[in-house]
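Structure, as structure tokens:
Values quoted throughout were computed directly from the atomic coordinates according to the rules given, and no laboratory measurement underlies them. Quick caveat, the model's predicted, so the values are computed rather than measured. With ideal geometry, Cβ positions are generated from the backbone for all residues, glycine too; neighbour counts draw on all protein chains shown.
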Amino acid sequence: MLYKGFGAKTQQNIEEAIRFYLSSKGSYLFRQIEDYAAAFTEKLQKAFPEDNFFITGSYNRHLEVIHKLEWVTDASLDNLKSIFPEQEHQINVQDDSLSARTAENVLVEFRYSPTENLVSELFIKNSSPEFFTAYTEKYGWKTDVHYVNEEQIFKQHNLQFIPPFLRETPHVLTLAANNELPTVIEKKDIRGIIHTHSDWSDGSNTVEEMARNAIQQGFEYLVISDHSQSAFYAKGLYPDRIKAQHALIDELNEKYKPFKIFKSIESDILNDGSLDYPDHILASFDLVITSVHSNLKMSEEKAMSRLLKAIGNPYTTILGHMTGRLLLSRNGYPVVYADIINACATSNVVIELNAHSRRLDMDWRQLPNAIERGVLISIDPDAHAVSAFQDIKYGVLAAQKGGLTAKQNLSSFTLPQFEEFLQKQRQKR
């Protein structure tokens, strides 16, 4: 059925958006729920000071989208019911579990366990079903063993301790058995802020404000990458403004050295896969981040053609937010990850892990493939304000799940290492 005033394609897009919204109700980004989770845990502990509460599940494994908050506890479920008045919450008790919907529309679930079995239950809940099944098939599982901590569970089989954020797939068990778990990246390993937008395009702060804030936070360099000219809605930079911005950056670099601001652009990948400026303009940048911002409703064939052409452009340094997804808001366009990763390996192009909590794109599940192919990743905040520098935290959490190390991340390079990297990049132009 078509409604008056709406074309078939427009109506289909609206229907898809509504279905997506409805399917996401009651789910939250990790960033949206983390303060709530901490406050709710504190509330529980104050209400039942003699009992234990350990937050677990997808939250403790740092998944990017949280559908429910889970705790393992030795508190009586009958007592727990008292904080969820029946008339205000959807309470469900099954066997040793209690779930309820809070006033804030957050699904919470409690798994009861006797105190002596808490660690065993915590291990189960801190593991994905796939990981736990693989563990039990290989090492067995005894319900009558009382562990002191989770480390003991791994140690009894001569396994490296696997933190919850890595307990997703069976493969990690092999790494732990061979003492080959990666030393994953940490927030302190980030040395520079790559991918930022100033008030020259759609950012909130001046270039100087962003530089000063980065210096105050101990970073060694900053990459200013405002939008390109096709992004008219974001005040994308035309060539005369690029020249003026570069002159300003030169002045600021003299003022704040040894800290350095690098000249970059987030160039739109146009509909045919070409970049947004001619070569002589692209050559004026220290590095170029290429991203899709328009015509996002693409078939896989169209998306791949567009991306692969951009990756093959000798001026592309970093492929930005690979699929264009917005978590809980918009699905990304379909891509063949393996082909993109192979193309980036061939063209020596870095793949961005966009740290904005609504993007986290590329997906951390694809990181092992990129690492295996020797492709550098860059954890970038895509910051439109100095406050967004803090988004690096969420990129790091996602990168940890994919087993990324500091050496495999471009924004962990020191300033001299970063300059050397850019020098080598220029050689491919």
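Restricting to DSSP loop positions (anything but H, G, I, E, B) with no more than 10 other Cβ atoms inside 10 Å of their own Cβ, which trypsin sites (Lys or Arg not before Pro) remain in region 43-104?
In loop regions of region 43-104 (DSSP not H, G, I, E or B), there are no sparsely surrounded trypsin sites (Lys or Arg not before Pro).
Would you work out which of Gln156, Leu181, Phe132 lies farthest towards the positive end of the dipole of the chain, given +1 charges on the beta-carbon of Lys and Arg and -1 on that of Asp and Glu, about the Cα centre?
Leu181
When only DSSP loop residues count, what trypsin sites (Lys or Arg not before Pro) in region 132-186 have their Cβ near at most 11 other Cβ atoms within 10 Å?
Those satisfying the criteria are Lys142.
Identify which of the listed values of volume of the Cα convex hull per residue in Å³ was calculated from the structure shown: (i) 136; (ii) 183; (iii) 159.
The value computed from this structure is option (ii).
How high is the relative contact order of region 204-351, in percent, counting Cα pairs under 8 Å that sit 6 or more residues apart?
Relative contact order here is 18 percent.
Around Phe285, with a cut-off of 15 angstrom between Cβ atoms, what is the net charge of the other residues, counting Lys and Arg +1 and Asp and Glu -1?
Combined, the nearby Lys, Arg, Asp and Glu give -1.
Give me the angle, in degrees from 0 to 90, between the Cα long axis of helix 300-312 and the longest principal axis of the Cα atoms of the chain, rounded to the nearest 10.
Approximately 60 degrees, to the nearest ten.
Among DSSP bridges having both ends in region 187-426, what percentage is antiparallel? Round to the nearest 5.
Restricted to region 187-426, the bridges split so that about 5 percent are antiparallel.
In a Gaussian network model over the chain where Cα atoms closer than 10 Å are linked, find which of Ser58, Ser230, Ser82 has the largest mean-square fluctuation.
In the Gaussian network model the winner is Ser82.
Please state the shape class of region 28-177: rounded when a/c is under 1.5, otherwise prolate if a/b exceeds b/c and oblate if not, all from the C-alpha gyration tensor.
prolate
If we count every other residue with Cβ under 14 angstrom of Gln425's Cβ, Lys/Arg +1 and Asp/Glu -1, where does the sum land?
Charge balance in the 14 Å sphere: +2.
Would you mind ranking Met210, Met298 by Cβ crowding within 10 Å, fewest neighbours first?
Final ranking by Cβ density, sparse to dense: Met298, Met210.
In a Gaussian network model over the chain where Cα atoms closer than 10 Å are linked, find which of Ser97, Ser357, Ser128 has the largest mean-square fluctuation.
Ser97
Pick out which of Ile193, Ile162, Ile66 has the largest mean-square fluctuation in a Gaussian network model of the chain, springs linking Cα atoms closer than 10 Å.
Ile162
Within the chain, what's the longest stretch lacking chymotrypsin sites (Phe, Trp or Tyr not before Pro) that sit in DSSP loops with no more than 14 other Cβ atoms inside 10 Å?
162-429
Please work out whether region 274-429 counts as rounded, prolate or oblate from its C-alpha gyration tensor, where a ≥ b ≥ c are the square roots of the eigenvalues and a/c under 1.5 means rounded, while otherwise a/b larger than b/c means prolate and anything else oblate?
rounded
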